[in-house]
Amino acid sequence: MSVDTTEQSVPTPSSGGPLVRLEQVSKRFGDNTVLDRLDFSVDAGKHVTLIGPSGSGKTTILRLLMTLTEPDEGTITVDGERLFPASEKRRREVRKKIGMVFQQFNLFPNMSVLRNLTEAPVSVLGLSKDEAEHRARELLDLVGLADKCDMRPGALSGGQQQRVAIARALAMRPKVLLLDEVTSALDPELVAGVLDLLRDIARSTDITMLCVTHEMNFARDISDQVLMFDSGRILESGPPEKIFGDPEQERTREFISAVL
Amino acid sequence: MNWDWNAVSDFMPHFWDGLLVTLEALALGSLISFALGLVWALLMRVPTRWVRWPVGAVTEFVRNTPLLVQLFFLFYVLPEWGVTMSALTTGVVAIGVHYSTYTMQVYRAGIEAVPVGQWEAATALSLSVRRTWTAVILPQAVRRVVPALGNYVIAMLKDTPLLMVITVLEMLGQARLYSQQTFRFTEPLTVIGVAFILVSVLASLLLRTLERRLVR
């Protein structure tokens, strides 16, 4: 697979500095503190993987960045623009720079595969129908599903659906791509195809990626940085060689040996 | 009891007139209830309670008062306020509005049955509120509720004889008129009874076809 992404996603942060920045972000559900005064930032073009036991707050970070939930405290900035706190109108603008792929795909079952990819570019970005379809067909070609244009998502396998969902997110040309356990709902034999596609995208584009995953080999391959979460805090962070090879924290070592 | 085929053929011209009126009331009443019910269901999701409250109160009131009373009210009271409609129009409006308070609950259930992931995907793609509803949520919600809406079409059909009390000559009205003039009851009532069954069976078949096309 070759990817023509010369015009796609050359992130140029409008104010310099990191593309994604969280400052003192807290999120609670009732008495349960999911994120506890979290600080971290991601530079443009970097691939960051979030690992850690379930319930440690990884997915909540992605959901905050996608504005699917709101922080109780703290500020979140994307590409130099406030996401939280900000008016809903501002947020809508910033949101266009962010794409997300979900664990359960969440394709629109009432639309063809092609419409799934053209709906938002046409109605949100104002592309012409022809332009959007051209872009959609290129992306479907990239994910190896060019022949499925006219099918309904329900007729595809889980792995195929997830590849369509990845293409759908990319069709918006986001600067940041959020991947939320994208292979967790797949049958084991379908996982490799999706991960290979993501490896390919990570290698051949400049898109910034935040990735929650339990696939440690995949995390090692694509990550510039790995963040180990525990109880709503970052326990430790570093390049994959360090986190997977020689972590400082005993807790990290335990977690990694448990999932590998 | 004696059965007179001559009475049947005698009644048939009146029957066709009545059938036409019944079908007209049913079709228009259904359209009004489908459209208005959707409007109510959407208004009940508006964030401000200054919209939800009055809509909730009015629809609750309409749903919990008898259609017969509403028919009398529209037919005899509205003209006093200067609103005059023909008897059939009054009947169609009454049936449509009355049943819209039921279909709104069908739509509500259909909307709530759309998985939350669909809303999240719409947000992730930055779809506008309008686009989220028209392109993603409603097509999926409506598809789910066609069978339930179909049940209300049958219920409406069975309520059309009520229109007789406001002088609309639908099937029962025609039968009664014929009986009063000829003192024959068996034939006209039997004919319209059979007709009600046939219409409801046909309506069910029609809806099932629609359902199958939508569920594809």
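Report yes if A:M216 is farther than 24 Å from A:P53 by Cα and touching a helix residue (DSSP H, G or I) at 6+ places or on another chain (Cβ under 7 Å), otherwise no.
The answer is no for A:M216.
Please work out which residue is nearest to the other protein chains (Cβ to nearest Cβ), limiting yourself to the range A:59-81 and to residues that are over 16 Å from the mean Cα position of the chain (by Cα) and assigned to a loop (DSSP other than H, G, I, E, B).
My answer is A:E70.
Among the residues of the range A:151-164, is there at least one that is more than 18 Å from A:G193 (Cβ to Cβ), surrounded by 19 or more Cβ atoms within 10 Å (Cβ to Cβ), within 14 Å of another protein chain (Cβ to nearest Cβ) and modelled with pLDDT of 95 or more?
no
For the range A:82-121: of the residues being at the interface with chain B (Cβ under 7 Å from one of its Cβ atoms) and aliphatic (A, V, I, L, M), which is farthest from A:D72 (Cα to Cα)?
Per the criteria, the residue is A:A120.
What do you reckon, is B:V136 crowded, with 18+ Cβ neighbours inside 10 Å, part of a helix (DSSP H, G or I) and at pLDDT below 95?
Values: crowded, with 18+ Cβ neighbours inside 10 Å: yes; part of a helix (DSSP H, G or I): yes; at pLDDT below 95: no.
It is false that B:V136 is crowded, with 18+ Cβ neighbours inside 10 Å, part of a helix (DSSP H, G or I) and at pLDDT below 95.
One line per residue, one yes/no per condition, for (1) in a helix (DSSP H, G or I); (2) more than 17 Å from the chain's Cα centre (by Cα):
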site	(1), (2)
A:Q161	yes, no
A:R168	yes, no
A:M172	no, no
A:L178	no, no
A:L190	yes, yes
A:L210	no, no
A:R220	yes, no
A:R251	yes, yes
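So, of the residues in the range A:222-232 that are in a loop (DSSP other than H, G, I, E, B) and buried (at least 18 other Cβ atoms within 10 Å of the Cβ), which turns out to be nearest to the chain's Cα centre (by Cα)?
A:S223
Can you give me the number of residues within the range A:233-249 that are of a type outside the set (D, E, K, R) and part of a strand (DSSP E or B)?
Step one: list which residues in the range A:233-249 are of a type outside the set (D, E, K, R), which gives A:234-235, A:237-240, A:243-245, A:247, A:249.
Cutting the leftovers down to part of a strand (DSSP E or B) gives us A:234-235, A:237-238.
Of the residues in that region, 4 qualify.
With the condition kept exactly as written, say whether any residue in the range B:93-104 is closer than 30 Å to A:L68 by Cβ and more than 14 Å from chain A (Cβ to nearest Cβ).
yes
I need a count of the residues in the range B:115-133 that are closer than 13 Å to A:A120 by Cβ, in a helix (DSSP H, G or I) and within 7 Å of chain A (Cβ to nearest Cβ). Show your work before the answer.
Going residue by residue through the range B:115-133, those that are closer than 13 Å to A:A120 by Cβ are B:121-128, B:131-132.
Cutting the leftovers down to in a helix (DSSP H, G or I) gives us B:121-124, B:131-132.
Next cut, within 7 Å of chain A (Cβ to nearest Cβ) only: B:121, B:123-124, B:131.
Residues that pass the stated criteria total 4.
Is it true that some residue in the range A:124-141 is in contact with a Ser or Thr (Cβ under 6 Å, 6 or more places away or on another chain), surrounded by fewer than 22 Cβ atoms within 10 Å (Cβ to Cβ), part of a helix (DSSP H, G or I) and charged (D, E, K, R)?
yes
Within the range A:79-110, restricting attention to residues that are among the aliphatic types (A, V, I, L, M) and at pLDDT below 95, which residue is surrounded by the fewest Cβ atoms within 10 Å (Cβ to Cβ)? Give the steps one after another, and end with the answer.
As a first pass, look at the range A:79-110 and keep what is among the aliphatic types (A, V, I, L, M): A:83, A:86, A:94, A:98, A:100-101, A:107.
Cutting the leftovers down to at pLDDT below 95 gives us A:83, A:86, A:94.
Working: A:L83: 26, A:A86: 17, A:V94: 21.
Once the filter is applied, the top-ranked residue is A:A86.
The values are calculated or read from the model by the stated rules, or taken from the named source; none is laboratory data. Please read all numbers here as calculations on a predicted model, not as lab measurements. We place every Cβ from the backbone using ideal geometry, glycine too, and count neighbours over all the protein chains shown.
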